1. Cα gyration tensor of the range 167-264, axes a ≥ b ≥ c as square roots of the eigenvalues: rounded (a/c below 1.5), prolate (a/b > b/c) or oblate?
2. With the cut-off at 1.5 for a/c, could you classify the range 417-462 from its C-alpha gyration tensor as rounded, prolate or oblate?
3. Kindly report the accessible area of the chain per residue (heavy atoms of protein chains, probe 1.4 Å, no ligands, DNA or RNA), in Å².
4. Can you pull out the cysteines in the chain that have no other Cys Cβ under 4.7 Å?
5. For the range 3-83, build the charge dipole from Cβ charges (+1 Lys, Arg; -1 Asp, Glu) around the Cα centre, then report which of 62, 50, 25 sits farthest towards its positive end.
6. Take the Cα atoms of the range 41-182, find their three principal axes, and give me the spread along each one in whole Å, biggest first.
7. With every protein chain kept in the model, how would you rank 84, 15 by accessible area, 1.4 Å probe, largest at the top?
8. Report the Stokes-Einstein translational diffusion coefficient (µm² s⁻¹, integer) for the range 279-347, Rh taken as the Kirkwood radius over Cα pairs, at 10 °C with viscosity 1.306 mPa s.
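The values are calculated or read from the model by the stated rules, or taken from the named source; none is laboratory data. What you see is a predicted model; the values in this text were computed from it and never measured. Here the Cβ is made from the backbone with ideal geometry for all residues, glycine too, and neighbour counts use every protein chain on show. The protein model used for the area step is the full one, side chains on, heavy atoms only, and it has no ligands, DNA or RNA in it. Shrake-Rupley method; radii C 1.70, N 1.55, O 1.52, S 1.80 Å.
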Amino acid sequence: MKYASTQGGVSGVDFEGVLFSGFAPDGGLFMPEDIPKVDLPTLLKWSSLPYTELVKEVCAIFIPPEIIPRQELNGLIDNAFRRFRHKDIVHLSRLRDGLNVLEMWHGVTHAFKDLAMSCVGQFLQYFLKKRNKHVTIVVGTSGDTGSSAIESVRGLTDIDIIVLLPRGRCTPVQELQMTTVIEDNVHVFAADGTSDDLDVPIKKLFADHDFVVKHNLMSLNSVNWSRILIQVSHFFYAYFKCTPSMGPSPLPVVEIVVPTGGAGNIAAGCIAQKMGLPIHIVVGVNNNDIVHRTVQHGDFSLAGSVRSTLASAMDIQEPYNMERIFWLLMESDSSFIRKIMEEFQRTKKLKLPEILHKKITEGMSSFSASDEDIIQTMSRCWEENHYLLCPHSAVAVHYHYKQADNQQHSPRCCLAPASAAKFQDVVRRAKLTPEVPPEIKALENMETRSIPLEREDDWELMLRDKIEAIYQKRKA
């Protein structure tokens, strides 16, 4: 299994190579050169596997044994999930009127990012020990990515991590989960800007090839293929949990409702479809609706500035993983992708060619949920089930309620990316009482540390200076 850039400038890269990369050198994103089909006997075999074993099977397709021997791969994945609080790792709650909520938030930081990030941390350590190398990770976060990335590598001597968070735009819990980690290898910048603003200096850093090579820079945002890889497993697991039968072919189609910002989970779902999983992806967004407009109208264009919503981790204007989806649907036509993405980067507007838009609508549909929809959904779910949703999970469940009220009872699974405990202010706004576990309550009394990035500062220069200081310290 080799990997290539969506824009065609790089190919033949192995898993280790893409693991330690952010964007490809040509500005594209890495994807497998071949997406293997999973046959019916394999699907039947996988359908009874627990989550951890399913992740091993999916990873083994994309990580050949000459890169990580299967037995070692199994051990890394077992280690990755040791700190999860639920015995199932990922748990399905079956609620009233056919509502299926897939709880993906039982990791250390109470967010679904822990699932992929814990595995990626294990993969990184495996190769770094083998090569006797050090890397510096640079991550921008809209809320949950930063804390999950920190937890996956905190305290390690062969990894430093720099996290940029949008100050005041995360919840207090999300910020504290990052700023209370006092470790020599953890460096948190609190920026006066949006998550899209944070991407600008990060992308400039990674465009400086010599600087990247000198400092062994890498990204753990969902530009990194290894995170998408783990997320592919979510869709297989959701399908097996919610399908009415695994009987004779053809297997029934299951709707997977996915709240999204950067579209990483959507890209993973499209890969699962390509592998032969019979799912229909329903994309849920908040008022930052570029993905919805893309699916509905083929309008992949920015719309003014990022709007602050109750589902703050989805407050993203540029969902860069859509490029992966376009590439998949256009059968790996990298020259086509390069052309349309160059136009988008130049104008920040793109009307999708009809052939691409048609392919998108064949495999997915979409909707948007307002803050009012989120509050009403959280209230209704509590009233009917005594079950607390986070605002992002409420986006997905909002769709289910709309369909159920219209007597549309297809088999369906709503992905729940975070625990409501991380969004206590929103829970109170829904006139509900937060349920706060002790590890989150303890954050309020812990020491914090972060470096401010003000509007007038040169963010790129400050990042470069920090990276250089890390380099000089290691050299000394």
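1. prolate
2. Prolate, because a/c is 1.5 or more and a/b exceeds b/c.
3. Numbers: 18490 Å² over 476 residues.
So the chain comes to 39 Å² accessible per residue, rounded to a whole number.
4. For the chain, the answer is 59, 119, 170, 270, 381, 390, 414, because their Cβ atoms have no other cysteine Cβ under 4.7 Å.
5. So the residue we want is 50.
6. 47, 47, 20
7. 84, 15
8. Numbers: Rh = 13.2 Å.
My calculation gives 121 µm²/s for D.
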